[in-house]
Amino acid sequence: MRLAFRALGGAAGVAWRESFPLGGRDVARWFPGHMAKGLKKMQSSLKLVDCIIEVHDARIPLSGRNPLFQETLGLKPHVLVLNKMDLADLKDQQKIIQHLEGEGLKNVVFTNCLQDENVKQIIPMVTRLVGSSCRYHRGERLEYCAMVIGIPNVGKSSLINALRRQHLRKGKATRVGGEPGITRAVMSRIQVCERPLMFLLDTPGVLAPRIESVEMGLKLALCGTVLDHLVGEETLADYLLYTLNRHQLFGYVRHYGLGGACDDIASLLKQVAVRLGKTQKVKVLTGTGEKWGHPPPAGLGEPADRAAPGAGGGHCGHMWLFWEHRFCSGAGSRFSL
């Protein structure tokens, strides 16, 4: 399969970009009011919980975690759940676990909440950690309670629903979505298991007030943890193209029926626009009369807010390469950023 994708990349010896230009780009910042409020609420709720379950994206296992969690919530037993393992390239899974263990994280679980894969490990692990630790003011309470934390859109609510589905045979208890900001407040306790009796607290995703680097911001945005427009949709599409080519994942060529792989995002978006019929007719006034043409869609030299209604322009319309299928999330294009 990898050889077939390489063939789609064009002739042998094609030189792809070895680095992505980051000069002149600002570090992404996104710390709205509900995040600050949520973090304070989480801190004040610590006395009600026995364990912290941190959920993170398996595609970026070594970057993007909020350091504030360890600083402010690190007094409790800690489980790190690397979710969305079905979207990640896990050939270096053992190296990832060893690296995290070197940072003091000895309880790491890879999960896929869509199929409940490996989710069954979490309740026994939490039970064991709580049983071997001091429960402070909760020693007289028979039930266990854990707080689920993490940056936005890593699957915290999906994990809670998966645990309920597995242990209680019940449906969704909390909303889920494919974009950050679905959960905006610390919720009341949600039961996820009967034996042992265990409750979880769902919390809003909280990013660090300042992301360490531009490249980390791009990785976070590619995984859907930062709103697209804060980084720039075309910049994200270009970084995705750079990453796919660097990993020799040319599935986008076959998906869009292109002649070959490309390393120029403007040219590629134009090809995809024509291929999908996402161009639009506009009137051009010249000295010799009116002419009609097919300009590039919004985002390729034209502001998104000037795209004609229904023409495929705007935030979603001009990012077909990036948004229609998100090849970094596709089954045929697994990799870790």
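The values are calculated or read from the model by the stated rules, or taken from the named source; none is laboratory data. Predicted, not measured: the structure shown is a model, and the values here were computed from it. For neighbour counting, all protein chains shown are included, and Cβ atoms are generated from backbone atoms with ideal geometry for every residue, glycine included. These area figures cover heavy atoms from the full protein model, side chains too; ligands, DNA and RNA do not enter into them. Shrake-Rupley method; radii C 1.70, N 1.55, O 1.52, S 1.80 Å.
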Item to check | Residue count for region 197-231, restricted to those that are farther than 19 Å from PRO21 by Cβ and of a type outside the set (A, V, I, L, M, F, W, C) | outcome: 10
Checklist outcome for this item: If we ask which residues in region 45-83 are assigned to a loop (DSSP other than H, G, I, E, B), within 16 Å of CYS113 (Cα to Cα) and touching a Cys at 6+ places or on another chain (Cβ under 8 Å), their number turns out to be 1
Next on the checklist: List the residue pairs whose Cβ atoms are under 7 Å apart, where the first residue sits in region 93-121 and is in contact (Cβ under 8 Å) with a residue 12 or more places away in the chain, the second is in a helix (DSSP H, G or I) and open to solvent by 90 Å² or more (accessible area, probe 1.4 Å), and the two are 6 or more positions apart or on different chains.
Outcome noted: ASP116/ARG165
Checklist entry - HIS34 is checked against (1) modelled with pLDDT of 55 or more; (2) open to solvent by less than 40 Å² (accessible area, probe 1.4 Å); (3) touching a helix residue (DSSP H, G or I) at 6+ places or on another chain (Cβ under 8 Å) and fails just one. What number does that condition carry? => result (3)
Checklist entry - Which condition breaks for LYS91 when tested against (1) part of a helix (DSSP H, G or I); (2) over 23 Å from PRO152 (Cβ atoms)? => result (1)
Item to check | Long-range neighbours under 7 Å by Cβ, at least six apart or interchain, first residue assigned to a loop (DSSP other than H, G, I, E, B) within region 188-215, second at pLDDT below 80 and of a type in the set (Phe, Trp, Tyr) | outcome: LEU207/TRP30; LEU207/PHE31; PRO209/PHE31
Next on the checklist: Could you check region 226-242 and list, in sequence order, the residues that are crowded, with 24+ Cβ neighbours inside 10 Å and part of a loop (DSSP other than H, G, I, E, B)?
Outcome noted: VAL226
Item to check | Matching residues in region 96-132 - criterion: being farther than 18 Å from ILE60 by Cβ, open to solvent by less than 60 Å² (accessible area, probe 1.4 Å) and either touching a Lys or Arg at 6+ places or on another chain (Cβ under 8 Å) or among the hydroxyl-bearing types (Ser, Thr, Tyr) (or both) | outcome: ASP116, THR127
Checklist entry - Can we say ASN161 is within 23 Å of the chain's Cα centre (by Cα), buried (at least 19 other Cβ atoms within 10 Å of the Cβ) and part of a loop (DSSP other than H, G, I, E, B)? => result no
Checklist outcome for this item: Scanning region 55-95 for residues that are charged (D, E, K, R) and within 22 Å of MET147 (Cα to Cα), the one most open to solvent (accessible area, probe 1.4 Å) turns out to be GLU71
Checklist entry - Restricting attention to region 47-90, and to residues there that are without any contact (Cβ under 8 Å) to a residue 24 or more places away in the chain and farther than 22 Å from ARG189 by Cβ, which single residue is farthest from the chain's Cα centre (by Cα)? => result GLU71
Item to check | Residues within region 126-156 that are at pLDDT 90 or above, of a type in the set (Ser, Thr, Tyr) and either in contact with a Leu (Cβ under 6 Å, 6 or more places away or on another chain) or not in a helix (DSSP H, G or I) (or both), tallied | outcome: 1
